[in-house]
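All remarks here apply to the structure that follows.
The values are calculated or read from the model by the stated rules, or taken from the named source; none is laboratory data. For clarity, every value in this text was computed on a predicted model and none was experimentally measured. When we count neighbours, we look across all protein chains shown, and the Cβ atoms used for this are built from the backbone with ideal geometry, even at glycine. Note: areas computed on protein heavy atoms with side chains; ligands, DNA, RNA excluded. Shrake-Rupley method; radii C 1.70, N 1.55, O 1.52, S 1.80 Å.
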Amino acid sequence: MSAQRRKKKTSQPHPQDELLRTDRLPHIWCPGCGIGTAFSCVITAIKKSEIPLDDIAMVSGIGCTGRMAGYIKLDSFHTTHGRAIPFATGLKLAHPEGSVIVTSGDGDLLAIGGNHFIHAARRNIDLTVICVNNFNYGMTGGQQAPSTPFGAKTTTSPIGSPEQPFNFCALAAACGAVYVARWTALHIRRLTVSITEAMKKPGFSFVEILSPCPTSFGRRNRIRNPLELVQFYHERSVIRNNIDPQEAALDFNNNLVVGKFVDTERPTFLDSYRLINRRELGDWPALEPKVPIPDKQVSG
Amino acid sequence: MKYWRDPLDLGAIQVSKGRVIIIEGRCKGCEFCVTYCPRNVIQMSKAFNIKGYHFPEVVDESMCVNCHFCESLCPEFAIFSVAIPEKN
């Protein structure tokens, strides 16, 4: 019986193995963690986007989600804590044809890396930022993060978090991101479509994934079972596309608003940079385009 | 599948068929695939894998319609489905 099973096991590789460093599997994520699902969606989206694989790079920060860059068989870099976006910015400016994906957790991206996030969104640098939000610092033992809901228990807030959390989507939209979406880890089809759209979108695109963390967050808030936790998020989620992200607050009692909130156009940093460097614009504040200098042949 | 009434072109529609393949050694027993399989093709087995987790096993392979949901949902890259070519 067992010999038969073993024979079956090695018959065919997993379709996503071509983009995985299989020698490093099994990965470190806990059983039932949503990061694995999010990673699977990212890989599917990369395949669907049909961008040449040599032109895609993945950058990540520190944390559970930061490990994604170590498992993908593409150009990837695991940066220091919170510095995924600065590294990705440099990468993008040095190789503007490439597509850069930043995968990071909530603590890395918006606590220690908060300022980098704000300014990358303001400059509209062409990055795809994927934030796996598990509502705490999972890797270091479940401390309180800027996303921890009011009243939720963590290691550093044993009687409940006394702080109001960030609304990441509203923050990204207010800073000028051109694509903002939020899904739970169970909305895999919509999430994959969103990541594909975000990759193709020129400009700063932000996708937030509400992911279960049964080991740290769930255990301290009495939803220890990963299945219950993922269902808890999914059952309360309400899809409302194209609403103002300010209204899309996460209210765990009633509904968690998910959907694609922002999809606009704005000149990216590289567009603006090239425009200024060509010296075709007039003086500030009018910035009227100068009359182009005629070619020598035409002028005589 | 139960229909409210039989679709008029029921005979003409070809339902795709799939085969579920499980890489047992990678499974960590989270049961996502078993819970969310829309056709209940798989169930948890009583056996353990090398890491000591229960892994899923196929109950009724004829039910699989190759929707790839388990493949995308599995956090461990341990399950996938392949299409069975139609006999025509």
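Between residues in segment B:30-46 that are away from chain A (no Cβ under 13 Å) and free of Cβ contacts under 8 Å to residues at least 40 places away in the same chain and residues that are of a type in the set (Gly, Ala, Ser) and crowded, with 16+ Cβ neighbours inside 10 Å, which pairs lie under 9 Å by C-beta distance while being six or more apart or on different chains? Short answer, once both residue conditions are applied: B:Val41/B:Gly18; B:Val41/B:Ser81.
With respect to A:His95, determine if the residue is open to solvent by 10 Å² or more (accessible area, probe 1.4 Å) and either closer than 15 Å to A:Val129 by Cβ or touching a helix residue (DSSP H, G or I) at 6+ places or on another chain (Cβ under 6 Å) (or both). When the stated conditions are applied, A:His95 does not pass them. Checking A:Ile293, A:Ile223 one by one, the residue that is in contact with a helix residue (DSSP H, G or I) (Cβ under 8 Å, 6 or more places away or on another chain) and at pLDDT below 90 is A:Ile223 and no other.
Just one of A:Ile35, A:Ile56 is within 14 Å of chain B (Cβ to nearest Cβ), buried (at least 16 other Cβ atoms within 10 Å of the Cβ) and touching a strand residue (DSSP E or B) at 6+ places or on another chain (Cβ under 6 Å); which is it? So that I can check it myself, show each step before the final result.
Values: A:Ile56 fails: within 14 Å of chain B (Cβ to nearest Cβ).
Answer to the selection: A:Ile35.
Restricting attention to segment B:1-56, which residues are assigned to a helix (DSSP H, G or I) and closer than 20 Å to A:Pro214 by Cβ?
Initially, segment B:1-56 is screened for residues assigned to a helix (DSSP H, G or I), giving B:24-26, B:32-36.
Result: B:Arg26, B:Phe32, B:Cys33, B:Val34, B:Thr35, B:Tyr36.
The residue pairs whose first member lies in segment A:162-180 and is more than 16 Å from A:Ile125 (Cα to Cα) and at pLDDT 95 or above, whose second member is open to solvent by 10 Å² or more (accessible area, probe 1.4 Å) and of a type in the set (D, E, K, R), and whose beta carbons are closer than 6 Å, counting only pairs six or more residues apart or on different chains, do not exist in this structure.
Please work out if B:Cys74 is in contact with a helix residue (DSSP H, G or I) (Cβ under 8 Å, 6 or more places away or on another chain) and within 11 Å of chain A (Cβ to nearest Cβ).
Numbers: in contact with a helix residue (DSSP H, G or I) (Cβ under 8 Å, 6 or more places away or on another chain): yes; within 11 Å of chain A (Cβ to nearest Cβ): yes.
Criteria met by B:Cys74.
Could you tell me whether any residue of segment B:7-22 is facing chain A (nearest Cβ under 9 Å), open to solvent by less than 20 Å² (accessible area, probe 1.4 Å) and among the aliphatic types (A, V, I, L, M)? Yes; the residues of segment B:7-22 include at least one that is facing chain A (nearest Cβ under 9 Å), open to solvent by less than 20 Å² (accessible area, probe 1.4 Å) and among the aliphatic types (A, V, I, L, M).
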